[in-house]
1. Can you tell me which residues in the range 97-122 are under 15 Å from the mean Cα position of the chain (by Cα) and not in a strand (DSSP E or B)?
2. On the basis of being aromatic (Phe, Trp, Tyr), touching a Lys or Arg at 6+ places or on another chain (Cβ under 7 Å) and either buried (at least 20 other Cβ atoms within 10 Å of the Cβ) or farther than 20 Å from LYS12 by Cα (or both), does TYR203 make the cut?
3. Are any residues in the range 146-165 in a helix (DSSP H, G or I), without any contact (Cβ under 8 Å) to a residue 60 or more places away in the chain and buried (at least 22 other Cβ atoms within 10 Å of the Cβ), and if so, which ones?
4. Only one of (1) at pLDDT below 95; (2) in contact with a strand residue (DSSP E or B) (Cβ under 6 Å, 6 or more places away or on another chain); (3) hydrophobic (A, V, I, L, M, F, W, C) fails for LEU171. Which number is that?
5. Between ASP66, ASP31, which is on the phi < 0 side of the Ramachandran plot and out of contact with any helix residue (DSSP H, G or I) (no Cβ under 8 Å at 6 or more places or on another chain)?
6. In the range 78-96, how many residues are free of Cβ contacts under 8 Å to residues at least 12 places away in the same chain and outside any helix (DSSP H, G or I)?
7. State whether one or more residues within the range 77-96 are surrounded by 20 or more Cβ atoms within 10 Å (Cβ to Cβ), in contact with a helix residue (DSSP H, G or I) (Cβ under 9 Å, 6 or more places away or on another chain) and within 19 Å of PRO233 (Cα to Cα).
Amino acid sequence: MNFTDRLIAKVKEKKSHVCVGLDPRLDRIPDKIREEAIKKYGETKEAVVDAFLTFNQGIIDAVKDDVAIIKPQMAFYEKYGYQGIKAFEKTVAYAKKQGLLVITDAKRNDIGSTAKAYADSYLGSSSKSDSLTVTPYLGSDGIKPFITHCQANDKGVFILVKTSNPSAGELQDLELKDGDRVYEKLARLVEDWGMDSIGDKGYSSVGAVIGATYPQEARKLRKIMKHNYFLVPGYGAQGGGAKDVVPCFNQDGLGAVVNSSRGIIFAYQQEDCSNDYQQAAKKAVLDMKEDINTALQEVNKLTWE
C-alpha cells in the first residue's frame, strides 16, 4: 500500500495532522528517568540508551491516540554511537507496535552505490521506518535510488525544498535565469520525480519538506506540487503558527503533516504545563491538533468526514 495512502488513513483515523519529533536531549529528560538509568548502568552510554528509550516510549504512549506519525531525528542518536543507534531502532520498533508511522529524519543523499546503500539501510524491505528525509543537492542521481525503494517497498521520502531555518534563503531563494527561485525549481523536480508513485488517494510517496516559517512561499509551492505530501517543520518553537501552515494543505484538507519536537516532548518544562512529562506532551499535542484543525476549518470550511 502506497506510503501516503497509509499516512492519510492514519490522519483521518486520528483526525490529526500532527507529527511529533522525537529529539531526546539527555539534559532535558526528567531527572527521575536519568537517575534510574544511571543506577542501572552508571554514567555510561548504556545509561543514555536506557534513558532515551524510557523517555521515548513514555512520549509515544502519551501521544499515540492523537498523532499519525512520529519523526526521530538521527543526530540525537548518532551522537552516542552504536548505543544511540540501538535506542533509535528500539524507539522505531516500539512506535510501530503502537500503530504509528515513522519518518526517519536523517537527510541522506549521495550517488551511485553509496546512495543505494543509504536507501537499503533506511527504506529497504527489512527497515521498520516508513519514510526518510532526503537532500536534493546532487540532483536526480542522488534521488532515484531512494524513489526506487519507495516503489518497491511502499516507503516514502520527504525531499528538502524550502526549509524553516533563517539562512535558508542564501541558496534556496537565489533567482535562476528562467525567473524561478531555486526552491521553485526543486519543487518542479519533486513533482516530476513523484509522478510514478501516486497512490489511490492522489498523493505521491515522494514528498517535500516545507517550513512553516515561510507561508507565502508555501502557497506558491502547493500550486506547483499538487500531488506531493508536505512535511512541515517550524511550528511552535521555531515561530510558525497554525495559520502559517494552512497554505501547505490542499483544499481537500490533506497534503501535509506538521511537526513539533521541543514544544511537545519538553512541554513539561514550560511554566503553564504539568510537570508530568507525559501529561504535558499529551496536552501539547491536543492543543496543536485543535489549533491546526480550527485554522483549516476557518480557511477552507473543512470538517472531518
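1. Of everything in the range 97-122, those that are under 15 Å from the mean Cα position of the chain (by Cα) and not in a strand (DSSP E or B) turn out to be LEU100, TYR122.
2. In short, no.
3. PHE146, ILE147, HIS149
4. With respect to (1) at pLDDT below 95; (2) in contact with a strand residue (DSSP E or B) (Cβ under 6 Å, 6 or more places away or on another chain); (3) hydrophobic (A, V, I, L, M, F, W, C), LEU171 is out only on (2).
5. Answer to the check: ASP31.
6. 1
7. No, the range 77-96 contains no residue that is surrounded by 20 or more Cβ atoms within 10 Å (Cβ to Cβ), in contact with a helix residue (DSSP H, G or I) (Cβ under 9 Å, 6 or more places away or on another chain) and within 19 Å of PRO233 (Cα to Cα).
This table checks each residue for (1) in contact (Cβ under 8 Å) with a residue 24 or more places away in the chain; (2) under 25 Å from PHE76 (Cα atoms).
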{"position": "ARG219", "(1), (2)": "yes, no"}
{"position": "ILE224", "(1), (2)": "yes, no"}
{"position": "GLY236", "(1), (2)": "yes, yes"}
{"position": "VAL245", "(1), (2)": "yes, no"}
{"position": "SER260", "(1), (2)": "yes, yes"}
{"position": "PHE266", "(1), (2)": "yes, yes"}
{"position": "GLN270", "(1), (2)": "no, yes"}
{"position": "ALA281", "(1), (2)": "yes, yes"}
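The values are calculated or read from the model by the stated rules, or taken from the named source; none is laboratory data. This structure is a prediction, so every number in the text was calculated from the model and none was measured. Neighbour counts are summed over all protein chains in view; Cβ atoms, including those assigned to glycine, are modelled from backbone coordinates with ideal geometry.
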